[in-house]
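To start, the structure under review is shown below, and the notes come after it.
The values are calculated or read from the model by the stated rules, or taken from the named source; none is laboratory data. Worth saying up front: this structure is predicted, and the values here are computed from it rather than measured. Here the Cβ positions follow ideal geometry from the backbone for every residue, glycine too, while neighbour counts run over all protein chains shown.
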């Protein structure tokens with residue numbers, strides 16, 4: 001749509017708004033909107049921030065900034081590995097083991113544990129009791145308590 005295009009001033013406003021981390025008054029001034037000393041830059045900023053095309057452009061630019069500042073998986077792996085080496089060299093084996101565990105998970109090498117183990121018992125409970133219950137003939141006394 002032709003209406004959705006930003007004017008040059010609007011584009012500069014968006015660029016400056018993101019660049020100075022949301023200071024709308026500075027962005028309005030940088031974009032060339034006139035401030036006559038009556039606080040009109042704040043009013044102009046408010047008007048601009050209500051326009052859908054401005055909101056959309058700011059979201060697009062903020063998403064780009066977030067993606068460009070995010071650590072990549074390989075950077076995380078490199079940092080984790082360096083921490084592992086330092087912990088191991090310092091003989092902090094518990095820390096090194098913890099780092100190594102998170103590295104293996106990150107790389108997809110962590111073993112999976114099958115938590116469904118089945119054990120079949122063929123011994124009856126009564127037989128177990130018979131085998132461990134002492135009899136009177138084994139030298140034990142049986143006493144009745146009243």
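As a summary of the residue check, residue 86 satisfies the conditions (1) more than 30 Å from residue 13 (Cα to Cα); (2) surrounded by 14 or more Cβ atoms within 10 Å (Cβ to Cβ) except for the one numbered (2). Screening residue 4 against (1) modelled with pLDDT under 85; (2) under 26 Å from the mean Cα position of the chain (by Cα) leaves a single unmet condition, (2).
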